[in-house]
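Below: the structure, in C-alpha cells.
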Amino acid sequence: MVEDQVLDRTYAALADPTRRALLVALRAGDARISSRPLPMSFAGVSRHVGVLEAAGLIRREVRGREHWLSVQPDRLRLAETWIGEQTAFWSDRADALAARLARRDHDR
C-alpha cells in the first residue's frame, strides 16, 4: 500500500505540464528557484516545487537566501518500473489474444 501512495504522488505530480517543465529544466543540473521562464508568479512556481518535493521527485537545498533544486531520479525509476511491468503484462495478454483469434479464424 505504501508503494501505491508513492506512485499516486509521483503520477499526480507528473500530471501537470508546469511541473513536467520544471523537471525538464533541471536536466541541465541544479537550479535556483525562479519564476523565469515560466509565465507565473514566484508563489505559483513555489507551489509547484512543493508538489514535486512532496512526491520525492526533487530535493531543495537552502544556500543562504537561495533555494536550489535538484532532481531525485529514484521516484521516476519506480514509476518507470511500474509502467514497464504493466506494459509487459498487457502485451503478453494482447499477443495471446491475437494468437487465439488467428487460430479461430484459421479453423473457420
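Conditions tested, residue by residue: (1) small (Gly, Ala, Ser); (2) open to solvent by less than 80 Å² (accessible area, probe 1.4 Å); (3) modelled with pLDDT of 90 or more.
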| site | (1), (2), (3) |
| --- | --- |
| 1 | no, no, no |
| 10 | no, yes, yes |
| 88 | yes, yes, no |
| 94 | yes, yes, no |
| 98 | yes, yes, no |
| 101 | no, yes, no |
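Considering only region 23-39, I want to know if a residue exists there that is modelled with pLDDT of 90 or more, in contact with a helix residue (DSSP H, G or I) (Cβ under 6 Å, 6 or more places away or on another chain) and more than 20 Å from residue 7 (Cβ to Cβ). Checking region 23-39: not a single residue is modelled with pLDDT of 90 or more, in contact with a helix residue (DSSP H, G or I) (Cβ under 6 Å, 6 or more places away or on another chain) and more than 20 Å from residue 7 (Cβ to Cβ). Contact annotation: residue pairs with Cβ atoms under 6 Å, 6 or more positions apart or on different chains, pairing a residue in region 78-101 that is of a type in the set (A, V, I, L, M) with a partner that is part of a helix (DSSP H, G or I), are 79/10.
If only residues of region 56-86 that are charged (D, E, K, R) and under 13 Å from the mean Cα position of the chain (by Cα) are counted, the one that is least open to solvent (accessible area, probe 1.4 Å) is 75. Checking the stated criteria, residue 53 turns out not to satisfy the condition of being closer than 20 Å to residue 5 by Cβ and open to solvent by 90 Å² or more (accessible area, probe 1.4 Å). The residues in region 20-50 that are within 13 Å of residue 67 (Cα to Cα), open to solvent by 60 Å² or more (accessible area, probe 1.4 Å) and free of Cβ contacts under 8 Å to residues at least 12 places away in the same chain can be counted, and the count is 1.
The values are calculated or read from the model by the stated rules, or taken from the named source; none is laboratory data. Not measured: the values here are computed from a predicted model. For neighbour counting, all protein chains shown are included, and Cβ atoms are generated from backbone atoms with ideal geometry for every residue, glycine included. For the accessible areas, the whole protein counts, side chains as well, though only heavy atoms, and no ligand, DNA or RNA atoms are used. Shrake-Rupley method; radii C 1.70, N 1.55, O 1.52, S 1.80 Å.
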